[in-house]
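**Student:** The structure under discussion is supplied below as structure tokens; questions concerning it will follow.
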Amino acid sequence: MTVKRLRVLQKKEGIGTAIRGIIEDKDGNIWFGTSSGLTKYNGHSFTTYALSEGLINDEIWAIDIDTNGTIWVGTVGGLNKFDGNKFETFEVPKEEVKNAKPMLSEKRIGDILIDKKGDIWFLTDGYGISKYNGVSFEFFTKENGLTDNNVADIFEDSQGNIWIGTFYGGVSKYDGSSFTNFTKDGIIEGIETYNFCEDNHGNIWFSAENFGVYKYDGTKFTQFTKEDGLATNTIQSIFEDNKGQVWFGTWEGVSLYNGKTFMAVSDKEPWAK
């Protein structure tokens, strides 16, 4: 499909603000986790589910869908499961952490990852990670491998490695038994890291606040910054399209990488002008 124009969807069309999660279900519906509830777009209209429909809190931070079609919704006030008809509150236990410092709320679920095995990883605010295998929980904190209990992002690559970005401890990779702490070990710079993306060549991309972005090819890291053509060194999102172009949402517009150089989107995609 060739994109010919951009359509802007705003609050007046029925979508909430501060969108922090987007996912597509098996029926082709697009779900948005927003600051004013969970919104479904069926291609024609928007339907929003909020407190009045049973959502535990309107301020959503993360969404994911399991193989049964259940939507897991992480909010400032805790976690919900949604089967398309009703919300169910699901309690996520946390490891005991000394001097925990939640950034917003002790109950906030900052991100959710459902891995290839079906295990669900929950990022808890200031308490590390709670992993659920359907029966019991396993916990990851600074006591057993994390570099920081304030985890910002989590991602599973095609090899089954779990990548973890934090607010104060940089990037780590977990292979199922041990952690490799790239920032802590001085291999890369930038303690605030997130926005993982794997391209079609198997490279892992992620951003480091004020240090631009890194690309990891399985052996070495390559850093790209404003000097290489990025709009800014503060990146908010990374995505690869079906042309193999890597997109970077930044505080100062959108940058595009074609495999060789960075450029503004409007310089490459005419429909973006």
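**Student:** Quickly run through the range 8-28 and pick out the residues that are under 20 Å from Ile154 (Cβ atoms) and either outside any loop (DSSP other than H, G, I, E, B) or modelled with pLDDT of 95 or more (or both).
**Tutor:** Once the filter is applied, which keeps residues that are under 20 Å from Ile154 (Cβ atoms) and either outside any loop (DSSP other than H, G, I, E, B) or modelled with pLDDT of 95 or more (or both), the range 8-28 yields Gly21, Ile22, Ile23, Glu24.
**Student:** When you scan the range 129-136, do you find a residue that is in contact with a strand residue (DSSP E or B) (Cβ under 8 Å, 6 or more places away or on another chain) and within 16 Å of Trp61 (Cβ to Cβ), even just one?
**Tutor:** Within the range 129-136, one or more residues are in contact with a strand residue (DSSP E or B) (Cβ under 8 Å, 6 or more places away or on another chain) and within 16 Å of Trp61 (Cβ to Cβ).
Per-residue answers, yes or no, for (1) farther than 28 Å from Thr180 by Cα; (2) touching a Cys at 6+ places or on another chain (Cβ under 9 Å):
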| position | (1), (2) |
| --- | --- |
| Glu209 | no, no |
| Tyr216 | no, no |
| Thr219 | no, no |
| Gly229 | yes, no |
| Asn233 | no, no |
| Ser237 | no, yes |
| Gln245 | yes, no |
| Gly249 | no, no |
| Glu252 | yes, no |
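**Student:** State which residue is modelled with the lowest pLDDT when the search covers only the range 238-273 and only residues that are in a strand (DSSP E or B) and of a type in the set (A, V, I, L, M).
**Tutor:** Applying the filter and picking the extreme gives Ala264.
**Student:** Okay, moving on. Name every residue in the range 188-230 that is among the hydrophobic types (A, V, I, L, M, F, W, C), outside any strand (DSSP E or B) and closer than 20 Å to Gln159 by Cα, in order of residue number.
**Tutor:** Hits for the range 188-230: nothing passes.
**Student:** Taking the stated definitions as given, is Thr222 among the β-branched types (Val, Ile, Thr), touching a Ser or Thr at 6+ places or on another chain (Cβ under 8 Å) and either surrounded by fewer than 20 Cβ atoms within 10 Å (Cβ to Cβ) or within 22 Å of Arg20 (Cα to Cα) (or both)?
**Tutor:** No: the conditions fail for Thr222.
**Student:** Right, Thr47: among the polar types (S, T, N, Q) and over 24 Å from Val171 (Cα atoms) or not?
**Tutor:** Judged against the criteria, Thr47 is a match.
**Student:** Next question. With more than 18 Å from Tyr194 (Cα to Cα) and among the charged types (D, E, K, R) as the only criterion, which of Glu156, Glu138 stands out?
**Tutor:** After applying the criteria, what remains is Glu138.
**Student:** Does the range 89-107 hold any residues that are in contact (Cβ under 8 Å) with a residue 24 or more places away in the chain and either touching a strand residue (DSSP E or B) at 6+ places or on another chain (Cβ under 6 Å) or in a strand (DSSP E or B) (or both), and which are they?
**Tutor:** Thr89, Val92, Pro93, Lys94, Glu95, Lys107
**Student:** Would it be correct to say that Asn181 is under 19 Å from Phe140 (Cα atoms) and either modelled with pLDDT of 95 or more or surrounded by fewer than 19 Cβ atoms within 10 Å (Cβ to Cβ) (or both)?
**Tutor:** Yes, satisfied.
**Student:** What is the one condition in (1) polar (S, T, N, Q); (2) in contact with a helix residue (DSSP H, G or I) (Cβ under 7 Å, 6 or more places away or on another chain); (3) over 20 Å from Ala152 (Cβ atoms) that Asn233 does not satisfy?
**Tutor:** (3)
**Student:** Can you name every one of the strands (runs of 3 or more DSSP E) wholly within the range 123-163 that holds 3 or more residues which are buried (at least 18 other Cβ atoms within 10 Å of the Cβ)?
**Tutor:** Answer list for the range 123-163: 128-132, 151-156.
**Student:** Now a separate question. Return only the number of the condition from (1) within 26 Å of Arg108 (Cα to Cα); (2) modelled with pLDDT of 95 or more that Tyr41 does not satisfy.
**Tutor:** That leaves (2) as the condition not met.
**Student:** Anything in the range 228-244 that is touching a Phe, Trp or Tyr at 6+ places or on another chain (Cβ under 8 Å), of a type outside the set (Asp, Glu) and surrounded by fewer than 17 Cβ atoms within 10 Å (Cβ to Cβ)? List them, or say none.
**Tutor:** If the condition is that a residue be touching a Phe, Trp or Tyr at 6+ places or on another chain (Cβ under 8 Å), of a type outside the set (Asp, Glu) and surrounded by fewer than 17 Cβ atoms within 10 Å (Cβ to Cβ), then Gly229, Thr232, Gln236, Ser237, Phe239 are the ones that fit.
**Student:** Now a separate question. Would you mention how many residues in the range 29-45 are touching a Lys or Arg at 6+ places or on another chain (Cβ under 7 Å) and more than 22 Å from Ile154 (Cβ to Cβ)?
**Tutor:** So the answer is 1.
**Student:** In addition: Here is a list: Ile162, Ile191. Which entry is farther than 21 Å from Phe239 by Cα and within 20 Å of the chain's Cα centre (by Cα)?
**Tutor:** Ile191
**Student:** Right, another one. Among the residues that make up the range 113-121, is at least one of them charged (D, E, K, R) and within 16 Å of Trp61 (Cβ to Cβ)?
**Tutor:** Checked the range 113-121: no residue is charged (D, E, K, R) and within 16 Å of Trp61 (Cβ to Cβ).
**Student:** Can you find, within the range 79-89, the residue that is surrounded by the most Cβ atoms within 10 Å (Cβ to Cβ) among those that are over 25 Å from Asn144 (Cα atoms) and under 21 Å from the mean Cα position of the chain (by Cα)?
**Tutor:** Asn80
The values are calculated or read from the model by the stated rules, or taken from the named source; none is laboratory data. None of the values given here were measured: they were computed from a predicted structure. Neighbour counts run over all protein chains shown; Cβ positions are idealised from the backbone, glycine included.
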